[in-house]
1. Between Arg523 and Tyr507, what length comes free when the chain is fully extended (0.36 nm per residue of separation minus the Cα-Cα distance, one decimal in nm)?
2. Taking all pairs of distinct Cα atoms, average 1/r, flip it, and tell me the Kirkwood hydrodynamic radius of region 276-413 in Å to one decimal place.
3. Please give the peptides 140-152, 269-281 ranked by average Cβ packing (other Cβ atoms within 10 Å per residue), highest first, as a rough proxy for protection.
4. Using the structure shown, select from Lys271/Lys310; Lys128/Lys310; Lys430/Lys456; Lys202/Lys225 the pairs with a Cα to Cα distance greater than 25 angstrom.
5. At a Cα cut-off below 14 Å, give the aspartates and glutamates reachable from Lys540, other chains included and same-chain residues fewer than 8 away excluded.
6. Write down, largest first, the equivalent ellipsoid semi-axes of region 187-337 in whole Å, where each equals the square root of 5 times an eigenvalue of the alpha-carbon gyration tensor.
7. Stretch Ala173-Ile544 to full length: gain in nm at 0.36 nm per residue minus the Cα-Cα span?
8. Just need the relative contact order of region 368-498 here, percent rounded to a whole number, with Cα pairs under 8 Å and 6+ apart.
Amino acid sequence: MPQTRSFLLLALAFVGYLLWTQWQHDYHTPAPAQPAAATASSAPTPSDLDASVPSAASAPALTASASMPAAPSSSAGVPSAPNQRVVGAKAAAKPTAEHGPLVTVTTDVLRLTIDSRGGSIIRSAMLKYPAKLKSKDSVQLFSDSASHFFVAQSGLLSRDGAAPDQRALFHAARSHYTLEPGQKSLSVDFTWTDASGVKVVKRYTFTRGSYVVGLDQQVDNGSAKAWTGWPYRQLQRVVPPEPVHNNFLAKWSDQSRYSFFGAAWYGPEAKFNKIKFDDFAKDALNKKVTGGWMAMEQHYFMAAWLPQEKKAQQFSTHVVDGSNPRYLIRELGPGFQVAPGAQAGSQSRLYVGPKLRNELGGIAPGLDLSVDYGMFTVVAAPMHMLLTWFHRMTGNWGLAIILVVLLINVLLYKLNAAQYRSAAKMRKLKPRMDALKERYGDDKQKLQQATMEMYKKEKINPVAGCFPLLVQIPVFFALYTVLRESVELRQAPFIGWIHDLSAADPYFVLPILYMGVMLLTQRLMPMTASMDATQAKIMKWMPIIYPVFFAFFPSGLVLYYLVNGLCRVAQQWWVMRQFDAGDNHKGGKGGGKKLKPA
């Protein structure tokens, strides 16, 4: 099969893959998680204790859209969880509470804003990741703005008295905390005290160079009776508006269009699961998970609660306020009891940062799966490791891509050489093929039979070029997925005008250069004997069609195919030269078999 024909099949396969991906994004509905069975001693569900989306004209507010747990029963031993009464629209319309004092925490990689009202993290900036090229603004993940509302909340529920949920007002000693040079970690305490004598300290711990934030909720029971509570952590957000692009190319080359945006959770048994926002209401998650985590994901970045307890956590999803929906994923931890005069608590961790595949697996089991390569993971994961290794050697992701291309071509050289030799033999059969077409005319069956007999006699395999193509197809898709999903390549420069290998070439230089490579390829390998007129016309248009596709692809992918095309041209020239030299040598000695017209 000629190389240009292979290119056409590859392009069609890629278009089919994009269509399938978009169909999955728009219509696919995953199997719903099996809900946990309800029991009389089940843990409380915080239901709609959810922060409201702030209005654009005022500070964000927190709405109590459901009641606190009801009074406890008089059961003995470790008490069962409280019941909760359902509150309708009247309760949902209760007056809102304004922000408490805001506390800013700055480390070497993060700047977080924590609201003393609930101790919720309402803003975050990733200081190592500019929002745009050459921008001083950092990527914002958490936000309390109306259009991009996304917060991390935590709290305690109790049936033995008051407990601080995300509406409770805490107190912090200062309004600004900074991880100073030479300081390895930083702790920030938020304190809540009840009139009964129960004190809760919510302590956030930050570590240099880390996107993991420790959370310790400690209860100091200074009251006269035992206190029982359940910790919960949750993430909730709105779906932000579509990004505004300056032109058609910018819109369709934006790789975030093809990346997952929604919630995710992991459990040792259920493994990695994604939940689209459209599925929150119809297939709500309600499952007990031990040793897992839950997250909200978007292109390149994520926030995830990582419970540390080795006991079952109740994972659930909810949609709050259907008219202006907020999507919430929550984990409710196991209850614990604190005797009078004693202390106890609950620990967890929050990851808020980039999806760095090589680091996430060491933070929590399965967290690296959030960098989802889909069906091509078996090829994409090793390719990502290989790219990372070459990047450590060169310090440039573009050079790493080039080295991967060279390595793949060395490994596939024998397969490619067999393809070119087969194509060269078929090219020499063109006079005989033309004679067969003239002899059999429109009788395609006899023409096909005679053609196959000729191939068999001359020991030519007409599908010799298929296997190298089959090998390259998963490599192509795997590299495309790696470039699309790997935050390491976000805004990664190459040379000159290429400032972001994950974005399209702004000046179309690489696609145009690749068009030149295709023209050179066609010049080295003219149309074969088996190609009909329609195929020949398509092949003539391929040097224009393919660069049009590449105009929308990440420049790193186009760089891969440009260098790969140059390698294949060099291989093709070398193999053809050897073939022609060997054929002429045999003909000169009289030992070669001449191809006679049929």
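Derivation of every value follows stated rules applied to the coordinates shown; laboratory data play no part. Remember, it's a predicted structure, so these values are computed and weren't measured experimentally. Note that each Cβ is placed from the backbone with ideal geometry, even for glycine, and that neighbours are counted across all protein chains shown.
1. Numbers: separation 16, 0.36 × 16 = 5.76 nm, distance 2.62 nm.
Result for the pair: 3.1 nm of gain on full extension.
2. Answer for region 276-413: a Kirkwood hydrodynamic radius of 18.4 Å.
3. My ranking of the peptides, most packed first, is 140-152, 269-281.
4. Result: Lys128/Lys310 exceed 25 Å.
5. Asp532
6. Equivalent ellipsoid of region 187-337: 35, 19, 16 Å, largest first.
7. Values: separation 371, 0.36 × 371 = 133.56 nm, distance 6.55 nm.
So the chain would gain 127.0 nm between Ala173 and Ile544.
8. Result for region 368-498 is 43 percent.
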